[in-house]
Amino acid sequence: MSLIEYAVIGLLVLTSTVMGAALILLGHFVRPRKPTPAKLQPYESGIPDVQPPRGRITPRFYLVALLFVVFDVEAIFLYPWAVAFDVLALYGYIQAALFVGILLIGLLYEWRKGALEWV
Amino acid sequence: MDWQRLLVSYAVGFVLLNVLLGLMAYMTWFERRVLARMQHRVGPNRTGPFGLLQPIADGVKLLAKEDIVPANADRLVFLVAPLLSFALAPLGAAVIPFGETLHLFGLEIPLLVADINVAVLYVLALGSIGVYGIILGGYASGNRYSLLGALRSTAQVISYELVLGLSLVGVFILAGSLSLQDILREQQRALVIGSLTLPNWYILSQPLAFALFLIAAVAETNRAPFDLPEAETELVAGYFTEYSGFRFSFYFLAEYINMIVVSLLAATLFLGGIDGPFVDGVWWLALKALFFLFFYVWLRATLPRFRYDQLMGLAWKVLLPLALLNIGLTGLVRLWGIGAL
């Protein structure tokens with residue numbers, strides 16, 4: 001258990017990136033390159049596009065992201081509790097139950113408010 | 001720094017990386033063959049015996065295809081995003097134990113690339129970073145289908161990642177560790193119920209967590225019946241609509257590598273990983289992972305695609321409360337088990 005393990009992972013990140021880049025580079029020598037204006041148009045099932053491609057987006061995605069952050073933090077807090085479960089015993093269990101309970105009330109509130117509906 | 005250990009671990013990792021890339025190529029072959037059989041077809045059978053050379057033919061073909069960058073794409077991000085997805089996908093396998101320590105040429109070679117104590121957290125974190133490849137690629141394409149596909153995919157992956165993460169808390173309570181080595185060691189003990197002796201695999205003590213993990217893992221890797229981001233009937237090809245040639249294949253390959261890594265993880269966490277009699281652990285791990293990979297293909301051949309609202313509803317209204325319930329129940333049983341209740 002030391003920095004070596006992480007150094008190895010770092011080296012592997014580098015290796016797999018270089019391997020991917022090498023594949024792209026290799027293809028550079030064999031693939032054709034003949035761009036035409038029609039080919040570079042965005043694919044819209046054959047219909048010319050009329051609106052800018054990065055238009056408005058429904059805010060529901062934003063809501064999901066927000067909910068995710070709240071509950072992901074909860075999950076991360078539960079990990080150390082789970083690892084030390086036998087030591088913390090009943091006291092820790094009650095604390096975790098309170099913590100999850102509060103967030104559960106939040107989830108129920110979101111549910112009732114319709115933040116989890118998609119139509 | 002211990003240079004010898006670094007070198008040996010890196011060498012094992014390098015071999016593992018290449019083995020994964022080869023496996024991933026043959027996973028595409030495996031899927032096409034099995035899917036074909038399930039649909040009363042033959043599948044690819046012309047390139048080599050049983051079509052075994054098909055993945056190589058596909059690779060060469062994709063390498064020789066034009067690499068189109070659309071006119072209104074964000075050029076740099078468009079070019080880098082698939083590489084990000086591809087480069088990070090195989091790294092999750094670095095923390096999975098493949099067997100006991102090997103003795104070769106007077107060297108101790110651990111069949112585990114990086115024995116870090118937060119192994120599971122590391123795999124989940126890699127899954128989160130993988131989302132960047134999807135959303136950056138979809139956004140940079142400058143195409144409405146791509147953008148919508150990327151957003152859907154992101155919302156889906158983060159929702160199910162939550163379920164994935166929470167479903168494992170029960171396992172951590174039982175094992176008392178986030179390290180896959182420790183979790184494996186716990187599972188290698190025998191579970192004795194009366195006159196019955198069973199392996200202490202967590203699928204037996206955590207069946208609900210296993211089911212949740214399996215469902216979330218299928219959704220996390222964007223596979224059928226949760227392959228909404230690439231629903232071809234409504235979104236063409238989702239976030240990689242505008243990609244062509246080898247950059248397209250990077251997304252495709254990343255999906256298959258993710259499937260393999262998740263299968264290895266599921267086998268290690270719930271089915272005892274390398275635990276098994278007679279042959280070396282690595283064969284048992286391979287067999288268990290193969291079962292999950294077959295399950296993936298089986299699902300794709302059997303189930304129709306979910307509707308998007310059903311998909312998100314399932315994650316937040318059914319799976320998330322069930323995951324929390326599992327944690328509560330596991331905790332209670334454990335408290336009773338250690339005599340604190």
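Determine the dipole magnitude for chain B: charges of +1 sit on the beta-carbon of Lys and Arg, -1 on that of Asp and Glu, nothing else is charged, the reference point is the Cα centre, and the result goes in debye to the nearest 20.
Value, rounded to 20: 720 debye.
First check a/c for the protein assembly as shown, with a ≥ b ≥ c the square roots of the eigenvalues of its C-alpha gyration tensor; if it is under 1.5, answer rounded, and if not, answer prolate when a/b is larger than b/c or oblate otherwise.
oblate
Quick one: putting +1 on the C-beta of Lys and Arg, -1 on the C-beta of Asp and Glu, what dipole do you get for the protein assembly as shown around its Cα centre, in Debye to the nearest 20?
Using only the charged Cβ atoms, the result is roughly 1240 debye.
Name the residue from B:G137, B:A71, B:I116 whose Cα lies farthest towards the positive end of the charge dipole of the protein assembly as shown, charges +1 on Cβ of Lys and Arg and -1 on Cβ of Asp and Glu.
It is B:A71, whose Cα lies furthest towards the positive end.
Could you give the angle, 0 to 90 degrees to the nearest 10, between helix A:60-83's Cα long axis and the longest principal axis of the Cα atoms of chain A?
50 degrees
Need one number: nm distance between label points at A:L3 and B:N72, each 7 Å from Cα along Cα→Cβ, rounded to one decimal.
Computed distance between label sites A:L3 and B:N72 equals 4.9 nm.
Between the range B:152-189 and the range B:255-272, how many Å separate their Cα centres?
If we compute the Cα centre of each part, the gap is 12 Å.
Of A:I57, A:V8, A:Y79, which is farthest on the positive side of the dipole of the range A:3-113, counting Cα position, with +1 on Lys and Arg Cβ, -1 on Asp and Glu Cβ, and the Cα centre as origin?
My answer, from the dipole projection, is A:I57.
In what sequence do B:L23, B:L265, B:L320 fall when counting other Cβ within 10 Å, fewest first?
B:L23, B:L320, B:L265
Could you give the length gained on full extension between B:A211 and B:V15, defined as 0.36 nm per residue of separation minus the Cα-Cα distance, in nm?
Full-extension gain reported as 67.3 nm.
Could you work out the relative contact order of the range B:92-211? I mean the mean sequence separation of Cα pairs under 8 Å and 6+ apart, divided by the number of residues, in percent.
21 percent.
Cα gyration tensor of chain A, axes a ≥ b ≥ c as square roots of the eigenvalues: rounded (a/c below 1.5), prolate (a/b > b/c) or oblate?
oblate
State to the nearest 20 debye the size of the charge dipole of chain A about its Cα centre, where the only charges are +1 on K and R beta carbons and -1 on D and E beta carbons.
780 debye
Can you name the helices of chain B, as whole DSSP H runs, whose Cα span along the helix axis is 15 Å or more and whose Kyte-Doolittle mean is not below -0.5?
B:3-38, B:75-88, B:119-140, B:144-167, B:207-220, B:245-270, B:281-302, B:320-337
Short version: ³J(HN,Hα) in whole Hz for each residue of the range B:168-178, in order, from phi by Karplus 6.51 cos²θ - 1.76 cosθ + 1.60 (θ = phi - 60°), x for Gly and Pro, what are they?
The phi angles translate into 8, 4, x, 4, 5, 4, 5, 8, x, 6, 9 Hz.
Compute the length gained on full extension between B:A301 and B:L79: take 0.36 nm times their separation in residues and subtract their Cα-Cα distance, giving the result in nm to one decimal.
76.6 nm
Which of the listed residues, B:G337, B:N222, B:V282, is farthest toward the dipole's positive end in chain B, when Lys, Arg count +1 and Asp, Glu count -1 at the beta-carbon?
Result: B:N222, furthest along the dipole toward the positive end.
Can you list residues whose amide H is under 5 Å from B:L191's amide H, if they're 5+ apart or on another chain and H is modeled 1.01 Å from N?
Hits under the 5 Å cutoff: B:L198, B:N200.
Return the whole-Å distance between the Cα centroid of the range B:75-91 and the Cα centroid of the range B:29-68.
24 Å
Determine the distance separating the Cα centre of the range B:281-316 from the Cα centre of the range A:16-43; give it in Å without decimals.
Result: 32 Å between the Cα centres.
Under the definition of Cα pairs under 8 Å and six or more residues apart, what whole-number percent is the relative contact order of chain B?
22 percent
Mind giving me the FRET efficiency for A:L66 and A:Y91? R0 is 56 Å, r the Cβ-Cβ distance, nearest 0.05 is fine.
Between A:L66 and A:Y91 the formula returns 0.95.
Laboratory data are not the source of any read-out in this text; all were calculated from the coordinates shown. Keep in mind the model is a prediction, meaning the values are calculated, not measured. Glycine gets a Cβ as well: all are built from the backbone with ideal geometry, and neighbour counts include every protein chain shown.
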